[in-house]
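Take a look at the structure set out below.
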Amino acid sequence: MMEHGSVDASEVSAPRSDFSNRLKSSAKWSVIGRVGTLSASLFATALLARALGPAMGDYLIVYSALMLMTTFALSGLPLSVLRGMRLARASRDMVDALPVVNNGIAVLLAMCITMGSMFGLVVWLLGSHCYDGLLLRYLPQILIWFGAASLNWLLGEIFRGYSQFRWAAMLEGQFGGLGTIGGFVLVATPLYFTRGINIDEALWLQSAAALVSAVFGFRRLTSIQPVRFQFRSGDFRSTAWALYKDSLPVAITNLTSTSIWYIEMLMAGFWLPRSDIALYGVAKQLTRVVSQPLRLVNQSVLPFVTDLHMENDRVGMERLLRGSATIATLLALPLLIAMLLIPGQLLRICYGDLYADGGWVLQLVAIGTFVSVCVGGTGLTLIMTGHQSAQMRLAILISIVYLLIAPVAMNYFGLLGLVGLSSLMVIVRSITTLIMVHAKLQIWTLADFRWSVIKLALKRPRRRFAASSPSSKELI
(Lines give C-alpha, C1' and ligand atoms only; values in the text may rest on other atoms or scores of the structure.)
Protein backbone atom coordinates (compact mmCIF):
# COMPACT_ATOMS: atom_id res chain seq x y z
CA MET A 1 0.00 0.00 0.00
CA MET A 2 1.44 3.34 -1.01
CA GLU A 3 1.50 5.94 1.73
CA HIS A 4 -0.52 9.05 0.89
CA GLY A 5 1.67 11.95 -0.05
CA SER A 6 4.58 9.81 -1.17
CA VAL A 7 5.77 9.12 -4.69
CA ASP A 8 5.69 5.42 -5.54
CA ALA A 9 9.01 4.71 -7.22
CA SER A 10 7.59 1.63 -8.94
CA GLU A 11 4.97 3.78 -10.62
CA VAL A 12 6.66 7.06 -11.33
CA SER A 13 10.39 6.45 -11.44
CA ALA A 14 12.21 4.14 -13.76
CA PRO A 15 15.92 3.76 -14.35
CA ARG A 16 17.49 4.84 -17.58
CA SER A 17 17.78 1.23 -18.72
CA ASP A 18 13.97 1.07 -18.81
CA PHE A 19 13.83 3.68 -21.57
CA SER A 20 12.51 1.33 -24.28
CA ASN A 21 9.84 -0.19 -22.05
CA ARG A 22 8.54 3.23 -21.06
CA LEU A 23 8.55 4.37 -24.67
CA LYS A 24 6.61 1.24 -25.64
CA SER A 25 4.06 1.87 -22.89
CA SER A 26 3.77 5.50 -23.91
CA ALA A 27 3.22 4.51 -27.53
CA LYS A 28 0.58 1.91 -26.63
CA TRP A 29 -1.52 4.24 -24.52
CA SER A 30 -1.03 7.12 -26.95
CA VAL A 31 -2.50 4.91 -29.67
CA ILE A 32 -5.41 3.90 -27.46
CA GLY A 33 -6.06 7.45 -26.27
CA ARG A 34 -5.60 9.18 -29.61
CA VAL A 35 -7.54 6.67 -31.69
CA GLY A 36 -10.31 6.51 -29.12
CA THR A 37 -10.45 10.29 -28.75
CA LEU A 38 -10.38 10.88 -32.50
CA SER A 39 -13.12 8.32 -33.13
CA ALA A 40 -15.30 9.79 -30.40
CA SER A 41 -14.57 13.34 -31.60
CA LEU A 42 -15.47 12.56 -35.22
CA PHE A 43 -18.66 10.85 -34.09
CA ALA A 44 -19.55 13.78 -31.81
CA THR A 45 -18.98 16.30 -34.63
CA ALA A 46 -21.10 14.23 -37.03
CA LEU A 47 -23.84 13.99 -34.42
CA LEU A 48 -23.76 17.74 -33.73
CA ALA A 49 -23.64 18.67 -37.42
CA ARG A 50 -26.74 16.61 -38.12
CA ALA A 51 -28.58 17.63 -34.94
CA LEU A 52 -27.86 21.37 -35.06
CA GLY A 53 -28.05 21.94 -38.82
CA PRO A 54 -27.38 25.62 -39.64
CA ALA A 55 -26.83 26.31 -35.92
CA MET A 56 -23.57 24.37 -36.21
CA GLY A 57 -21.96 27.68 -37.19
CA ASP A 58 -23.05 29.20 -33.86
CA TYR A 59 -21.71 26.20 -31.98
CA LEU A 60 -18.31 26.49 -33.68
CA ILE A 61 -18.04 30.17 -32.72
CA VAL A 62 -18.74 29.32 -29.06
CA TYR A 63 -16.29 26.41 -29.22
CA SER A 64 -13.59 28.59 -30.78
CA ALA A 65 -13.95 31.21 -28.04
CA LEU A 66 -13.66 28.47 -25.43
CA MET A 67 -10.51 26.93 -26.94
CA LEU A 68 -8.90 30.33 -27.35
CA MET A 69 -9.50 31.05 -23.66
CA THR A 70 -7.96 27.69 -22.75
CA THR A 71 -4.81 28.49 -24.71
CA PHE A 72 -4.46 31.87 -22.99
CA ALA A 73 -5.10 30.47 -19.51
CA LEU A 74 -2.70 27.55 -19.80
CA SER A 75 0.04 29.77 -21.28
CA GLY A 76 1.88 26.69 -22.53
CA LEU A 77 1.95 25.38 -18.96
CA PRO A 78 1.38 21.64 -19.65
CA LEU A 79 4.53 21.23 -21.75
CA SER A 80 6.62 23.33 -19.36
CA VAL A 81 5.48 21.22 -16.39
CA LEU A 82 6.16 18.04 -18.38
CA ARG A 83 9.66 19.24 -19.28
CA GLY A 84 10.34 20.11 -15.62
CA MET A 85 9.23 16.64 -14.58
CA ARG A 86 11.47 15.03 -17.20
CA LEU A 87 14.42 17.03 -15.87
CA ALA A 88 13.58 15.75 -12.38
CA ARG A 89 13.51 12.19 -13.74
CA ALA A 90 16.93 12.77 -15.30
CA SER A 91 18.24 13.57 -11.81
CA ARG A 92 16.72 10.23 -10.68
CA ASP A 93 14.75 11.92 -7.93
CA MET A 94 11.07 12.33 -8.78
CA VAL A 95 10.52 14.07 -5.44
CA ASP A 96 11.94 17.12 -7.24
CA ALA A 97 8.87 16.99 -9.47
CA LEU A 98 6.46 17.68 -6.58
CA PRO A 99 6.95 21.48 -6.45
CA VAL A 100 6.81 21.65 -10.24
CA VAL A 101 3.43 19.91 -10.28
CA ASN A 102 1.98 21.81 -7.30
CA ASN A 103 3.09 25.19 -8.57
CA GLY A 104 1.89 24.33 -12.06
CA ILE A 105 -1.62 23.61 -10.79
CA ALA A 106 -1.56 26.77 -8.67
CA VAL A 107 -0.53 28.89 -11.66
CA LEU A 108 -3.32 27.29 -13.70
CA LEU A 109 -5.87 28.08 -10.98
CA ALA A 110 -4.79 31.72 -10.85
CA MET A 111 -4.84 32.05 -14.64
CA CYS A 112 -8.28 30.42 -14.95
CA ILE A 113 -9.80 32.77 -12.36
CA THR A 114 -8.22 35.79 -14.04
CA MET A 115 -9.06 34.78 -17.60
CA GLY A 116 -12.58 33.62 -16.77
CA SER A 117 -13.37 36.87 -14.94
CA MET A 118 -12.01 39.04 -17.76
CA PHE A 119 -13.85 37.06 -20.43
CA GLY A 120 -17.13 37.16 -18.53
CA LEU A 121 -16.82 40.91 -17.97
CA VAL A 122 -16.05 41.66 -21.62
CA VAL A 123 -18.90 39.46 -22.89
CA TRP A 124 -21.33 41.05 -20.42
CA LEU A 125 -20.29 44.58 -21.45
CA LEU A 126 -20.56 43.84 -25.16
CA GLY A 127 -23.86 41.99 -24.76
CA SER A 128 -25.80 41.75 -28.01
CA HIS A 129 -23.05 43.55 -29.92
CA CYS A 130 -20.87 40.42 -29.81
CA TYR A 131 -22.19 37.87 -32.35
CA ASP A 132 -25.77 38.99 -31.61
CA GLY A 133 -25.42 38.02 -27.94
CA LEU A 134 -24.33 34.46 -28.75
CA LEU A 135 -21.48 34.28 -26.22
CA LEU A 136 -23.51 35.97 -23.47
CA ARG A 137 -26.32 33.48 -23.94
CA TYR A 138 -24.05 30.51 -23.29
CA LEU A 139 -21.63 32.13 -20.84
CA PRO A 140 -22.25 29.68 -17.90
CA GLN A 141 -21.51 26.63 -20.05
CA ILE A 142 -18.42 28.29 -21.52
CA LEU A 143 -16.92 29.11 -18.12
CA ILE A 144 -17.53 25.65 -16.63
CA TRP A 145 -16.18 23.88 -19.71
CA PHE A 146 -13.20 26.25 -19.83
CA GLY A 147 -12.07 25.56 -16.27
CA ALA A 148 -12.53 21.80 -16.51
CA ALA A 149 -10.86 21.53 -19.93
CA SER A 150 -7.83 23.51 -18.73
CA LEU A 151 -7.35 21.25 -15.70
CA ASN A 152 -7.78 18.12 -17.82
CA TRP A 153 -5.11 19.26 -20.26
CA LEU A 154 -2.59 19.98 -17.49
CA LEU A 155 -3.37 16.75 -15.63
CA GLY A 156 -2.83 14.74 -18.80
CA GLU A 157 0.74 16.00 -19.16
CA ILE A 158 1.41 15.56 -15.43
CA PHE A 159 0.37 11.92 -15.65
CA ARG A 160 2.60 11.52 -18.71
CA GLY A 161 5.51 12.93 -16.72
CA TYR A 162 4.81 10.36 -14.00
CA SER A 163 4.65 7.60 -16.67
CA GLN A 164 0.95 7.13 -15.88
CA PHE A 165 0.22 6.76 -19.58
CA ARG A 166 -3.25 5.26 -19.16
CA TRP A 167 -4.49 8.30 -17.24
CA ALA A 168 -2.71 10.62 -19.66
CA ALA A 169 -4.65 9.03 -22.52
CA MET A 170 -7.93 9.70 -20.71
CA LEU A 171 -7.26 13.38 -19.99
CA GLU A 172 -4.67 14.97 -22.27
CA GLY A 173 -5.23 17.24 -25.23
CA GLN A 174 -6.59 20.68 -25.95
CA PHE A 175 -9.65 19.20 -27.62
CA GLY A 176 -10.51 17.12 -24.59
CA GLY A 177 -9.37 13.63 -23.71
CA LEU A 178 -11.14 10.35 -24.12
CA GLY A 179 -12.88 10.86 -20.79
CA THR A 180 -14.48 14.16 -21.83
CA ILE A 181 -15.43 13.36 -25.41
CA GLY A 182 -16.35 9.75 -24.67
CA GLY A 183 -18.60 10.84 -21.81
CA PHE A 184 -20.40 13.33 -24.03
CA VAL A 185 -20.94 10.74 -26.78
CA LEU A 186 -22.35 8.19 -24.33
CA VAL A 187 -25.00 10.62 -23.09
CA ALA A 188 -25.72 12.61 -26.25
CA THR A 189 -26.15 9.66 -28.64
CA PRO A 190 -29.34 8.20 -27.10
CA LEU A 191 -30.77 11.70 -26.72
CA TYR A 192 -30.16 12.46 -30.40
CA PHE A 193 -31.85 9.29 -31.62
CA THR A 194 -34.84 9.61 -29.27
CA ARG A 195 -35.75 13.31 -29.28
CA GLY A 196 -32.82 15.28 -30.68
CA ILE A 197 -30.60 17.84 -28.95
CA ASN A 198 -30.19 21.60 -29.32
CA ILE A 199 -27.11 23.76 -28.93
CA ASP A 200 -27.88 24.68 -25.32
CA GLU A 201 -28.15 21.02 -24.29
CA ALA A 202 -25.02 20.09 -26.23
CA LEU A 203 -22.94 22.72 -24.41
CA TRP A 204 -24.26 21.70 -20.99
CA LEU A 205 -23.50 18.04 -21.69
CA GLN A 206 -19.94 18.79 -22.79
CA SER A 207 -19.33 21.03 -19.78
CA ALA A 208 -20.55 18.30 -17.43
CA ALA A 209 -18.43 15.62 -19.14
CA ALA A 210 -15.28 17.77 -18.85
CA LEU A 211 -16.01 18.51 -15.19
CA VAL A 212 -16.52 14.86 -14.25
CA SER A 213 -13.31 13.89 -16.06
CA ALA A 214 -11.35 16.61 -14.23
CA VAL A 215 -12.67 15.51 -10.82
CA PHE A 216 -11.62 11.89 -11.36
CA GLY A 217 -8.22 12.96 -12.72
CA PHE A 218 -7.54 15.24 -9.77
CA ARG A 219 -8.48 12.54 -7.28
CA ARG A 220 -6.05 10.18 -8.98
CA LEU A 221 -3.26 12.77 -8.76
CA THR A 222 -3.82 13.23 -5.01
CA SER A 223 -3.29 9.49 -4.56
CA ILE A 224 0.17 9.81 -6.13
CA GLN A 225 1.42 12.99 -4.51
CA PRO A 226 0.19 15.67 -2.09
CA VAL A 227 -1.36 18.70 -3.75
CA ARG A 228 -0.71 21.77 -1.64
CA PHE A 229 -0.80 25.43 -2.59
CA GLN A 230 1.27 28.01 -0.72
CA PHE A 231 0.48 31.16 -2.62
CA ARG A 232 2.19 33.46 -0.12
CA SER A 233 5.51 31.66 0.11
CA GLY A 234 8.54 33.10 -1.61
CA ASP A 235 9.36 29.68 -3.07
CA PHE A 236 5.98 29.53 -4.77
CA ARG A 237 6.29 33.00 -6.23
CA SER A 238 9.75 32.34 -7.64
CA THR A 239 8.88 28.89 -9.01
CA ALA A 240 5.53 30.04 -10.38
CA TRP A 241 7.12 33.04 -12.08
CA ALA A 242 9.81 30.78 -13.58
CA LEU A 243 7.12 28.41 -14.89
CA TYR A 244 5.14 31.30 -16.32
CA LYS A 245 8.17 32.81 -18.07
CA ASP A 246 9.15 29.41 -19.46
CA SER A 247 5.67 28.62 -20.71
CA LEU A 248 4.70 32.01 -22.14
CA PRO A 249 6.60 31.51 -25.42
CA VAL A 250 4.83 28.16 -25.79
CA ALA A 251 1.47 29.86 -25.24
CA ILE A 252 2.16 32.48 -27.89
CA THR A 253 3.36 29.76 -30.25
CA ASN A 254 0.17 27.76 -29.64
CA LEU A 255 -1.88 30.89 -30.15
CA THR A 256 -0.20 31.59 -33.47
CA SER A 257 -0.12 28.00 -34.72
CA THR A 258 -2.54 25.34 -33.45
CA SER A 259 -5.01 27.92 -32.12
CA ILE A 260 -4.97 30.10 -35.21
CA TRP A 261 -8.00 28.16 -36.46
CA TYR A 262 -10.08 29.44 -33.54
CA ILE A 263 -9.07 33.00 -34.39
CA GLU A 264 -10.09 32.28 -38.00
CA MET A 265 -13.52 31.09 -36.90
CA LEU A 266 -14.10 34.13 -34.69
CA MET A 267 -13.01 36.45 -37.51
CA ALA A 268 -15.19 34.59 -39.99
CA GLY A 269 -18.19 35.24 -37.75
CA PHE A 270 -18.02 38.90 -38.81
CA TRP A 271 -17.53 38.34 -42.57
CA LEU A 272 -19.06 35.00 -43.54
CA PRO A 273 -22.53 33.48 -43.17
CA ARG A 274 -22.97 30.83 -40.48
CA SER A 275 -23.42 28.11 -43.13
CA ASP A 276 -19.92 28.78 -44.51
CA ILE A 277 -18.48 28.70 -40.99
CA ALA A 278 -20.17 25.34 -40.37
CA LEU A 279 -18.81 23.93 -43.66
CA TYR A 280 -15.27 25.07 -42.97
CA GLY A 281 -15.47 23.80 -39.39
CA VAL A 282 -16.59 20.26 -40.26
CA ALA A 283 -14.02 20.03 -43.08
CA LYS A 284 -11.28 21.10 -40.69
CA GLN A 285 -12.49 18.55 -38.17
CA LEU A 286 -12.43 15.74 -40.74
CA THR A 287 -8.85 16.53 -41.74
CA ARG A 288 -7.83 15.80 -38.15
CA VAL A 289 -7.64 12.16 -39.25
CA VAL A 290 -4.78 13.20 -41.57
CA SER A 291 -2.83 14.97 -38.82
CA GLN A 292 -3.70 12.43 -36.13
CA PRO A 293 -0.90 9.94 -36.96
CA LEU A 294 1.68 12.67 -36.37
CA ARG A 295 -0.03 13.79 -33.15
CA LEU A 296 -0.05 10.19 -32.00
CA VAL A 297 3.64 9.51 -32.60
CA ASN A 298 4.56 12.93 -31.19
CA GLN A 299 2.81 12.09 -27.94
CA SER A 300 4.66 8.77 -27.86
CA VAL A 301 8.16 10.20 -28.31
CA LEU A 302 7.66 13.66 -26.79
CA PRO A 303 8.83 12.86 -23.24
CA PHE A 304 12.03 11.28 -24.58
CA VAL A 305 13.15 14.14 -26.81
CA THR A 306 14.30 16.03 -23.72
CA ASP A 307 16.18 12.94 -22.48
CA LEU A 308 18.07 12.58 -25.75
CA HIS A 309 18.76 16.30 -25.89
CA MET A 310 20.25 16.27 -22.39
CA GLU A 311 22.54 13.42 -23.44
CA ASN A 312 23.48 15.42 -26.56
CA ASP A 313 22.44 12.43 -28.65
CA ARG A 314 21.57 14.30 -31.85
CA VAL A 315 21.79 11.20 -34.02
CA GLY A 316 19.41 9.25 -31.81
CA MET A 317 17.02 12.20 -31.64
CA GLU A 318 17.02 12.61 -35.41
CA ARG A 319 16.36 8.95 -36.02
CA LEU A 320 13.56 8.94 -33.48
CA LEU A 321 11.89 12.05 -34.95
CA ARG A 322 12.40 11.18 -38.62
CA GLY A 323 11.25 7.62 -38.08
CA SER A 324 8.13 8.90 -36.33
CA ALA A 325 7.42 11.39 -39.13
CA THR A 326 7.87 8.66 -41.73
CA ILE A 327 5.38 6.35 -40.04
CA ALA A 328 2.90 9.21 -39.62
CA THR A 329 3.18 10.22 -43.28
CA LEU A 330 2.66 6.65 -44.51
CA LEU A 331 -0.46 6.35 -42.37
CA ALA A 332 -1.79 9.74 -43.51
CA LEU A 333 -1.23 9.23 -47.25
CA PRO A 334 -4.26 6.94 -47.94
CA LEU A 335 -6.47 9.38 -46.04
CA LEU A 336 -5.24 12.29 -48.14
CA ILE A 337 -5.90 10.36 -51.37
CA ALA A 338 -9.47 9.62 -50.30
CA MET A 339 -10.09 13.29 -49.45
CA LEU A 340 -8.74 14.41 -52.82
CA LEU A 341 -10.73 11.88 -54.87
CA ILE A 342 -14.13 11.73 -53.11
CA PRO A 343 -14.37 14.80 -50.85
CA GLY A 344 -18.08 15.47 -51.37
CA GLN A 345 -19.07 11.88 -50.68
CA LEU A 346 -17.03 11.86 -47.46
CA LEU A 347 -18.71 15.03 -46.21
CA ARG A 348 -22.16 13.67 -47.07
CA ILE A 349 -21.53 10.37 -45.29
CA CYS A 350 -20.06 11.98 -42.20
CA TYR A 351 -22.15 15.12 -41.76
CA GLY A 352 -25.18 14.94 -44.04
CA ASP A 353 -26.39 16.42 -47.33
CA LEU A 354 -26.09 19.98 -46.03
CA TYR A 355 -22.27 19.80 -46.41
CA ALA A 356 -21.94 17.70 -49.57
CA ASP A 357 -21.19 20.65 -51.88
CA GLY A 358 -18.11 21.68 -49.91
CA GLY A 359 -15.73 19.06 -51.27
CA TRP A 360 -13.29 21.68 -52.53
CA VAL A 361 -12.95 23.03 -48.98
CA LEU A 362 -11.95 19.58 -47.72
CA GLN A 363 -9.39 19.20 -50.53
CA LEU A 364 -7.61 22.48 -49.82
CA VAL A 365 -7.51 21.94 -46.07
CA ALA A 366 -6.26 18.35 -46.47
CA ILE A 367 -3.30 19.40 -48.66
CA GLY A 368 -2.03 21.89 -46.10
CA THR A 369 -2.49 19.41 -43.27
CA PHE A 370 -0.58 16.68 -45.11
CA VAL A 371 2.43 18.93 -45.68
CA SER A 372 2.58 19.64 -41.94
CA VAL A 373 2.60 15.89 -41.28
CA CYS A 374 5.47 15.31 -43.73
CA VAL A 375 7.79 17.79 -42.01
CA GLY A 376 7.29 16.06 -38.63
CA GLY A 377 7.07 17.37 -35.08
CA THR A 378 9.10 20.53 -35.61
CA GLY A 379 7.33 22.75 -33.11
CA LEU A 380 7.32 20.25 -30.26
CA THR A 381 10.99 19.48 -30.90
CA LEU A 382 11.91 23.13 -30.45
CA ILE A 383 9.81 23.38 -27.29
CA MET A 384 11.20 20.24 -25.64
CA THR A 385 14.78 21.30 -26.36
CA GLY A 386 14.38 24.79 -24.89
CA HIS A 387 14.12 26.79 -28.13
CA GLN A 388 10.53 27.91 -27.64
CA SER A 389 11.42 31.62 -27.78
CA ALA A 390 12.86 31.36 -31.28
CA GLN A 391 9.82 29.41 -32.42
CA MET A 392 7.56 32.00 -30.82
CA ARG A 393 9.13 34.85 -32.80
CA LEU A 394 8.76 32.98 -36.07
CA ALA A 395 5.14 32.01 -35.32
CA ILE A 396 4.26 35.60 -34.40
CA LEU A 397 5.69 36.93 -37.66
CA ILE A 398 3.82 34.44 -39.85
CA SER A 399 0.56 34.89 -37.92
CA ILE A 400 0.64 38.69 -38.05
CA VAL A 401 1.03 38.60 -41.83
CA TYR A 402 -1.77 36.03 -42.10
CA LEU A 403 -4.20 37.88 -39.83
CA LEU A 404 -3.64 41.11 -41.73
CA ILE A 405 -4.39 39.48 -45.08
CA ALA A 406 -7.25 37.17 -43.97
CA PRO A 407 -9.96 39.86 -43.57
CA VAL A 408 -9.18 41.22 -47.03
CA ALA A 409 -9.30 37.72 -48.50
CA MET A 410 -12.66 36.97 -46.84
CA ASN A 411 -14.09 40.32 -47.89
CA TYR A 412 -13.23 39.86 -51.58
CA PHE A 413 -13.27 36.07 -52.05
CA GLY A 414 -15.46 34.82 -49.19
CA LEU A 415 -14.92 31.26 -48.02
CA LEU A 416 -12.47 30.52 -50.84
CA GLY A 417 -10.19 33.32 -49.66
CA LEU A 418 -10.20 32.04 -46.07
CA VAL A 419 -9.59 28.38 -46.92
CA GLY A 420 -6.91 29.02 -49.55
CA LEU A 421 -4.98 31.48 -47.42
CA SER A 422 -5.23 29.22 -44.35
CA SER A 423 -3.78 26.22 -46.20
CA LEU A 424 -0.97 28.34 -47.62
CA MET A 425 -0.14 29.64 -44.15
CA VAL A 426 0.08 26.07 -42.76
CA ILE A 427 2.52 25.09 -45.52
CA VAL A 428 4.73 28.17 -45.06
CA ARG A 429 4.81 27.75 -41.28
CA SER A 430 5.70 24.05 -41.53
CA ILE A 431 8.62 24.60 -43.90
CA THR A 432 10.07 27.59 -42.05
CA THR A 433 9.86 25.78 -38.69
CA LEU A 434 11.62 22.77 -40.22
CA ILE A 435 14.46 25.04 -41.33
CA MET A 436 14.64 26.56 -37.85
CA VAL A 437 14.96 23.11 -36.23
CA HIS A 438 17.93 22.35 -38.46
CA ALA A 439 19.50 25.72 -37.72
CA LYS A 440 19.16 25.27 -33.93
CA LEU A 441 19.78 21.55 -33.50
CA GLN A 442 21.52 20.45 -36.73
CA ILE A 443 18.94 17.72 -37.27
CA TRP A 444 16.02 17.17 -39.65
CA THR A 445 12.59 15.96 -38.60
CA LEU A 446 10.91 15.43 -41.98
CA ALA A 447 9.81 12.02 -43.24
CA ASP A 448 12.34 9.77 -44.97
CA PHE A 449 10.98 7.05 -47.26
CA ARG A 450 14.11 4.97 -47.68
CA TRP A 451 13.41 1.38 -46.71
CA SER A 452 16.29 1.24 -44.22
CA VAL A 453 14.80 4.17 -42.29
CA ILE A 454 11.27 2.73 -42.38
CA LYS A 455 12.53 -0.64 -41.14
CA LEU A 456 14.41 0.93 -38.24
CA ALA A 457 11.44 3.16 -37.39
CA LEU A 458 9.28 0.09 -36.92
CA LYS A 459 11.71 -1.50 -34.48
CA ARG A 460 12.01 -0.72 -30.78
CA PRO A 461 13.73 2.65 -30.67
CA ARG A 462 16.75 4.27 -29.16
CA ARG A 463 19.15 1.37 -28.57
CA ARG A 464 18.83 0.04 -32.09
CA PHE A 465 18.60 3.51 -33.53
CA ALA A 466 21.74 4.65 -31.74
CA ALA A 467 23.65 1.53 -32.65
CA SER A 468 22.99 1.73 -36.37
CA SER A 469 22.23 5.39 -36.95
CA PRO A 470 23.85 7.10 -39.90
CA SER A 471 25.06 10.63 -39.47
CA SER A 472 22.83 13.60 -40.11
CA LYS A 473 24.49 14.14 -43.46
CA GLU A 474 23.66 10.58 -44.51
CA LEU A 475 19.99 11.17 -43.67
CA ILE A 476 19.62 14.18 -45.96
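Numbers at a glance
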{"quantity": "Segment LEU340-ARG219, extension gain: residue separation times 0.36 nm, minus the distance between their alpha carbons", "calculated": "39.0 nm"}
{"quantity": "Whole-Hz couplings from phi, Karplus 6.51/-1.76/1.60, listed for region 382-398; x for Gly and Pro", "calculated": "5, 5, 6, 10, x, 10, 5, 5, 5, 5, 4, 5, 5, 5, 5, 4, 5"}
{"quantity": "Accessible-area composition of region 279-415, carbon plus sulfur, in percent [1.4 Å probe]", "calculated": "69"}
{"quantity": "Amide H contacts under 5 Å for ILE197, placed H, 5+ residues apart", "calculated": "none"}
{"quantity": "Range of Cα positions in region 100-207 per principal axis (Å), largest first", "calculated": "45, 38, 14"}
{"quantity": "Theoretical FRET efficiency, 1/(1+(r/R0)^6), r = Cβ-Cβ of LEU403 and MET118, R0 25 Å, to 0.05", "calculated": "0.75"}
{"quantity": "Region 274-399 - Debye-derived log10 I(q)/I(0), Cα point model, q = 0.09 Å⁻¹", "calculated": "-0.33"}
{"quantity": "Full-stretch length increase - SER389, SER39 - with 0.36 nm per residue and alpha-carbon distance subtracted", "calculated": "122.6 nm"}
{"quantity": "For region 142-153, Karplus couplings with θ = phi - 60° (6.51, -1.76, 1.60), whole Hz, Gly/Pro x", "calculated": "4, 5, 5, 4, 4, x, 5, 5, 5, 5, 4, 4"}
{"quantity": "Simple Cβ-charge dipole of region 289-403, Lys/Arg +1 and Asp/Glu -1, about Cα centre, in debye nearest 20", "calculated": "100"}
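The values are calculated or read from the model by the stated rules, or taken from the named source; none is laboratory data. As the structure is a computational prediction, the values presented were derived from the model and not from experiment. When we count neighbours, we look across all protein chains shown, and the Cβ atoms used for this are built from the backbone with ideal geometry, even at glycine. For the accessible areas, the whole protein counts, side chains as well, though only heavy atoms, and no ligand, DNA or RNA atoms are used. Shrake-Rupley method; radii C 1.70, N 1.55, O 1.52, S 1.80 Å.
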